[in-house]
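Below is one structure, written out as structure tokens, with a few remarks after it.
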Amino acid sequence: MNNICNVFCVGRNYRLHAEELGNEVPTSPMIFTKPTYAVVEANGKEITLPGDKGDVHYEAELVLHIGKAFQPGIPVEDVVDGIALGIDFTLRDVQSELKKKGHPWLPAKGFRNSAILTAFRPFPGIEACKTTDFSLRRNGVEVQRGNIQDMIFDFAAILQFINEHFGLDTGDIIYTGTPAGVAAVENGDKLALFWGEEKFGECIIALRR
Ligand code: ZN
């Protein structure tokens, strides 16, 4: 997990997920960030999460690795050099409180180990991504399935927006949003991330009590 620079995430980028949480579907990309300390590899080992702070929801997401500085108009394939799968862990009870107060999401989204990440593979191109679903299996049972065709904002729109507002360069990674099916993890859950039928990575959850 070296050479990761900024960790950008797209919120509410799948309509059914926005709706399942009772959120409005956004009209422009909703971007937040996580500290790099949040990133941890899904290498089969146990990962400790702050279960003492309320429900911790999994959000399985396709993650892009930026290989080259973004320039307006440049094709996605020239900027993105890798894809991985990840889980954007969210302290949902904490997030609900923060939303009520109008406070930033950081405590709900940026805690240690909140950004699970598999190893990156070479970017297969947008069309190939459209032909392959990604999914999350919990203890062997599929709980989330997504395809980039269902994203509200596509890769090009996300890259363009992040670059325009925050900058985007080599080593940045982007969690591109989660499909429907999020729920709280339980202590001992085995979470496995699949690209089609290929397992990209897995981990075991240890909830702090
Ligand atoms: Zn997310």
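The values are calculated or read from the model by the stated rules, or taken from the named source; none is laboratory data. None of the values given here were measured: they were computed from a predicted structure. Reconstructed Cβ throughout: ideal geometry from the backbone, glycine too, with neighbour counts over all protein chains shown. Please note that ligands, DNA and RNA were not included when accessible areas were found on the heavy atoms of the full protein model with its side chains. Shrake-Rupley method; radii C 1.70, N 1.55, O 1.52, S 1.80 Å.
Worth a mention:
- Set Glu41, Glu19: member being out of contact with any helix residue (DSSP H, G or I) (no Cβ under 7 Å at 6 or more places or on another chain) and exposed (fewer than 15 other Cβ atoms within 10 Å of the Cβ): Glu19
- Selection of region 155-209 for residues being within 21 Å of Pro75 (Cβ to Cβ) and surrounded by fewer than 14 Cβ atoms within 10 Å (Cβ to Cβ) yields Glu164, His165, Phe166, Gly167, Gly171.
- Qualifying residue in region 179-187 (condition: outside any loop (DSSP other than H, G, I, E, B) and away from the ligand (no atom under 16 Å from the Cβ)): no
- Within region 44-61, considering residues that are touching a Cys at 6+ places or on another chain (Cβ under 9 Å) and of a type outside the set (Asp, Glu), the one least open to solvent (accessible area, probe 1.4 Å): Ile47
- Matching residues in region 103-119 - criterion: being surrounded by 18 or more Cβ atoms within 10 Å (Cβ to Cβ) and of a type outside the set (Ser, Thr, Tyr): Trp105, Ala108, Lys109, Gly110, Phe111, Asn113, Ala115, Ile116, Leu117
- Close pairs (7 angstrom Cβ cut-off, 6 or more residues apart or separate chains): open to solvent by 80 Å² or more (accessible area, probe 1.4 Å) in region 67-83, of a type in the set (Val, Ile, Thr) anywhere: Lys68/Val79; Lys68/Thr170
- Which listed residue is in contact with a Ser or Thr (Cβ under 7 Å, 6 or more places away or on another chain), within 16 Å of the ligand (Cβ to nearest atom) and open to solvent by 30 Å² or more (accessible area, probe 1.4 Å), from Asn6, Asn13: Asn6
- Residue within region 131-144 that is open to solvent by less than 20 Å² (accessible area, probe 1.4 Å) and touching a helix residue (DSSP H, G or I) at 6+ places or on another chain (Cβ under 8 Å) present: no
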